Amino acid sequence: MSIPDDRPQADRRDWGTPPEVFHAFLKLGLTSFAGPIADLGYFRDELVVRRKWIDAAGYADLVALCQFLASCYVPGSDGGIE
């Protein structure tokens, strides 16, 4: 199943199938435990460089958006500093 696209063939990217996307993020989720800065590098390598599902500018925009959005805070996750 592919996404309909009217752009010229040279501008198109191959989008992953649902199983490919699931497998890629499962792999990233199981191996990303080095901290957020290292994880961003792993995600970039997998999504931008290896699979080419998104370009570098789009990836940078998504990272900026995620940094802007509020995140969960788990009490006690800061080592007891209040």
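Of note:
- Matching residues, the stretch 33-59, being in a helix (DSSP H, G or I), modelled with pLDDT of 80 or more and more than 10 Å from the chain's Cα centre (by Cα): Ala38, Val49, Arg50, Ala56, Ala57, Gly58
- Inter-residue pairs, beta-carbon under 9 Å, first among the aromatic types (Phe, Trp, Tyr) and in the stretch 32-43, second surrounded by 14 or more Cβ atoms within 10 Å (Cβ to Cβ), 6+ apart: Phe33/Asp39; Tyr42/Leu28; Tyr42/Ser32; Phe43/Leu28; Phe43/Ser32; Phe43/Tyr59
The values are calculated or read from the model by the stated rules, or taken from the named source; none is laboratory data. Keep in mind the model is a prediction, meaning the values are calculated, not measured. No Cβ is skipped: glycine too gets one built from the backbone with ideal geometry, and neighbour counts run over all protein chains shown.
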